[in-house]
Amino acid sequence: MTTVSFEKVTRRYPGADRPAVDALHLDIADGEFLVLVGPSGCGKSTSLRMLAGLEDVDDGVIRIGDRDVTHLPPKDRDIAMVFQNYALYPHMSVADNMGFALKVAGTPKDEIRRRVQEAARILDLEAYLGRRPKALSGGQRQRVAMGRAIVREPQVFLMDEPLSNLDAKLRTQTRTQIAALQRRLGVTTVYVTHDQIEAMTMGDRVAVLKDGVLQQCAAPRVLYDEPANVFVASFIGSPAMNLQEARIADDGVPLGGGRVPLPRGVLAAVAAEGGDRVVVGFRPEALDTVAPGEPGLGMAVSMVEELGSEAYAYGTLQGDHDGGTGAGSGTGSLAAGTGAGVVARVDPRTPPRKGERITLRLRPDGTYFFSATTGERLPNE
Amino acid sequence: MNTLSPKLRKGLLYAGVAAVVAYCLAPFYWMLVSSLRRTSDIFANSPFPTRLSFENYLAVLDPSESFTRALLNSVVVAGITTAVALVLATFTAYAMARLEFRFKRLVLTLIIATSMFPVVSIVVPLLKMFVDFGWINSYQAMIVPSMSFTLPLAVWNLTAFFRQMPQELEHAAMVDGCTRGQAFRRIIVPLAAPGMFTTAIITFIAAWNEFLIALSMTNKPEMQTAPVAISKFSGASQFETPFGSQMAAGVLVTIPLVIMVLVFQRRIVAGLTAGAAK
């Protein structure tokens, strides 16, 4: 059990025009479950592999505890890793797979057997210890891969998308099991995933990466409530936050036939940038359906997604077709992922119908403002 | 095809397989049958020997022919060639499959290109060189050229084999406390066994059947390999070609190959890596 720190760690692949990981700076506390999340190619796996010692570090320092491990081979780092495809040794039984690291380390045989038994009991694998990996189901293989890590009693667990090969139901189950197991063992864990739900449900803290750059590292709630920039805002949360870029007029922005007043801090920040545009963000659940005719945003519903406990209406805000206000135009890349459409959470008992026009009210505390040039979130006061 | 009944389709399938097998085995069968004929009816056309006779085998194994010695020479030459080529090819192929370096494709192409020279074109220069080395009538004069012919194929074969092995296996082993070398020895080599046995068989057969180099580099009967010895069998008189004993020797030379393939094919189990990933 120990801390892990990345200090301005950079990895450049030869021939690539930008670093795969760019000056990553992260401190992971003892016993913490840290999730690295981001779209594919964001450098999350590379970061993990650098911590494992499977990838060279071009710049910066990685520490496990007080030890500088930057240039140590994997075997000297006292880490255990669960691979995306499990990488079980096919020519060994489940027990031998789990005990391999101990055998390499020269642990006495009865000690190995005891620890393998213990891990098998925790993971419900006792009946399969004599089997070869090919005679196991996907979920069982995943557990063997976990077992191989647990048996080691390492200082740090590394997990590289360990659930991505499981079907949806099993993934949800295993997600909770892994999180519970980690809490119980109290071993510092770094977990890589591209799935923001996995990240939010499992992590003590979540580090969001994009293009090799750390965007924000915070507790799930903080990421959700206080996203640092447009990318984090759109990446965290499902359905994603609605983002609309608009020109500022009369200290406010037009939105869906209405007008959203801008806080003074936002106006000052935009003025300091010398721009006249701002990205407005609001989550689907920040919209309340109100009676038609009341002041609010008009929305033409084009699709309704009913999930049972909740329902979402997809459509366009009134006035969006005028052009220029949709997020797709202007700094399209900043608000990408939402298109020009808007998603609103609606009452699942009385959802609107396709083609209907509804009126929505935006909760005042549910509005975010982002710089149209940098994408950074602007102060809300 | 849909109009054929399943039974007929199956029948045709077996007929096809039988035809191919018969085509491949016919020469060997004729050799076997001829070797069991008496010298007097060596040119008989009957599909079975009319009078079974082992006189050819007795003649071949007669100490004066020194054929047993030639067999032993063949075992030594082919055995050492296979063992050394396999070790070298394994290391080379692993490097080719796993290391990233410049001109890798060029190196691989060069390796395969070396096997493209016809043996005939290099046998004279080799002979001159080996005379200078004093290697005539030595095992290494046969082993070294044999290796150079078999290595390229062995390297390519094993490179393809190592490439299809998930790299995470070594990574997992390295995280589990192995050095790269230990990961190779404890994880990769056991899994590569089928590929290595296949390569060993191909190499052994090539080295075992090698004729031209073995013929050129030896002039003492006690250093001849089996194929050379067979070519030098003499009949009772110089006007008589010893077909019978040549056939018997041919059968004897083939037997070790058959045994080797039978022994090793049990190890050539496809899908040994099944269950490693996913």
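The values are calculated or read from the model by the stated rules, or taken from the named source; none is laboratory data. Computed from a prediction, not measured in an experiment: that's the story for all the values here. Here the Cβ is made from the backbone with ideal geometry for all residues, glycine too, and neighbour counts use every protein chain on show. Heads up: the accessible areas ignore ligands, DNA and RNA and are worked out on the full protein's heavy atoms, side chains in. Shrake-Rupley method; radii C 1.70, N 1.55, O 1.52, S 1.80 Å.
For the reader, a short list of remarks on this structure follows.
- Among the residues of the range B:130-155, those that are free of Cβ contacts under 8 Å to residues at least 60 places away in the same chain and more than 17 Å from B:Phe117 (Cα to Cα) comprise B:Val131, B:Asp132, B:Phe133, B:Gly134, B:Gln140.
- Some residue of the range B:122-141 being assigned to a helix (DSSP H, G or I) and at pLDDT below 90: yes
- When we screen A:Val208, A:Val190 for residues that are over 17 Å from A:Ser371 (Cβ atoms), within 14 Å of chain B (Cβ to nearest Cβ) and touching a residue at least 40 places away in the same chain (Cβ under 8 Å), the only hit is A:Val190.
- Criterion applied to B:Val144, B:Val119 was being closer than 21 Å to B:Val76 by Cβ, at pLDDT below 90 and in the same structural domain as B:Asn219 (by TED's automatic domain parsing), and the one residue passing it is B:Val119.
- Residue match in the range B:81-89 (condition: part of a helix (DSSP H, G or I), touching a residue at least 12 places away in the same chain (Cβ under 8 Å) and farther than 26 Å from B:Ile201 by Cβ): no
- Across the range A:85-123, the number of residues qualifying as open to solvent by 10 Å² or more (accessible area, probe 1.4 Å) and facing chain B (nearest Cβ under 8 Å) comes to 4.
- Scanning the range B:144-198 for residues that are farther than 18 Å from A:Ala101 by Cα and of a type in the set (Phe, Trp, Tyr) gives B:Phe149, B:Trp156, B:Phe161, B:Phe162, B:Phe197.
- Failed item in (1) of a type outside the set (Lys, Arg); (2) within 23 Å of the chain's Cα centre (by Cα); (3) open to solvent by less than 70 Å² (accessible area, probe 1.4 Å), with B:Tyr23 passing the rest: (3)
- Within the range A:363-381, if we keep just the residues that are open to solvent by 20 Å² or more (accessible area, probe 1.4 Å) and over 17 Å from A:Asp251 (Cβ atoms), the residue that is farthest from the chain's Cα centre (by Cα) turns out to be A:Arg363.
- The one condition in (1) open to solvent by less than 70 Å² (accessible area, probe 1.4 Å); (2) at pLDDT below 95 that A:Lys134 fails to fulfil: (1)
- For A:Leu267, the criteria (1) assigned to a helix (DSSP H, G or I); (2) under 18 Å from the mean Cα position of the chain (by Cα) hold in every case but one, which is (2).
- Residue within the range A:136-144 that is more than 13 Å from chain B (Cβ to nearest Cβ), within 32 Å of the chain's Cα centre (by Cα), within 27 Å of A:Gly186 (Cβ to Cβ) and in a helix (DSSP H, G or I) present: yes
- Residue match in the range A:181-192 (condition: basic (Lys, Arg), open to solvent by 10 Å² or more (accessible area, probe 1.4 Å) and at pLDDT 95 or above): no
- Checking each residue in the range A:40-62 for being away from chain B (no Cβ under 14 Å) and closer than 20 Å to A:Asp204 by Cα picks out A:Lys44, A:Ser47.
- Among residues of the range A:218-231, those that are buried (at least 23 other Cβ atoms within 10 Å of the Cβ) and over 15 Å from A:Ala286 (Cβ atoms), counted: 3
- Reported count of residues in the range B:158-185, each being facing chain A (nearest Cβ under 10 Å), assigned to a helix (DSSP H, G or I) and surrounded by fewer than 19 Cβ atoms within 10 Å (Cβ to Cβ), is 3.
- Within the range B:205-230, the set of residues being part of a helix (DSSP H, G or I) and among the hydroxyl-bearing types (Ser, Thr, Tyr) comprises just one member, B:Ser216.
- The residues on offer are A:Leu185, A:Leu170, and the sole one that is over 23 Å from A:Asp22 (Cβ atoms), hydrophobic (A, V, I, L, M, F, W, C) and more than 14 Å from chain B (Cβ to nearest Cβ) is A:Leu185.
Here's the yes/no breakdown for (1) more than 20 Å from the chain's Cα centre (by Cα); (2) under 30 Å from B:Ala214 (Cα atoms); (3) surrounded by fewer than 17 Cβ atoms within 10 Å (Cβ to Cβ):
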{"site": "B:Thr3", "(1), (2), (3)": "yes, no, yes"}
{"site": "B:Ala18", "(1), (2), (3)": "yes, no, yes"}
{"site": "B:Tyr57", "(1), (2), (3)": "yes, yes, no"}
{"site": "B:Ala83", "(1), (2), (3)": "no, yes, yes"}
{"site": "B:Ala93", "(1), (2), (3)": "no, yes, no"}
{"site": "B:Glu100", "(1), (2), (3)": "yes, no, yes"}
{"site": "B:Ile111", "(1), (2), (3)": "no, yes, no"}
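- Considered as a group, the residues in the range A:152-163 that are more than 10 Å from every other protein chain (Cβ to nearest Cβ) and in contact (Cβ under 8 Å) with a residue 40 or more places away in the chain include one that is farthest from the chain's Cα centre (by Cα), and that residue is A:Gln155.
- Scanning the range B:203-227 for residues that are under 12 Å from the mean Cα position of the chain (by Cα), open to solvent by 20 Å² or more (accessible area, probe 1.4 Å) and farther than 19 Å from B:Met247 by Cβ yields a count of 4.
- Residue in the range B:162-185 that is over 30 Å from A:Gly106 (Cβ atoms) and out of contact with any Phe, Trp or Tyr (no Cβ under 9 Å at 6 or more places or on another chain) present: yes
- Selection within the range A:195-217 - outside any strand (DSSP E or B) and crowded, with 19+ Cβ neighbours inside 10 Å: A:Gln196, A:Glu198, A:Ala199, A:Met200, A:Met202, A:Gly203, A:Gly212
- Within the span defined as the range B:188-202, one or more residues are free of Cβ contacts under 8 Å to residues at least 40 places away in the same chain and either within 11 Å of chain A (Cβ to nearest Cβ) or open to solvent by 50 Å² or more (accessible area, probe 1.4 Å) (or both).
- Per-region count, the range A:63-72, residues open to solvent by less than 70 Å² (accessible area, probe 1.4 Å) and either away from chain B (no Cβ under 14 Å) or of a type in the set (Ser, Thr, Tyr) (or both): 2
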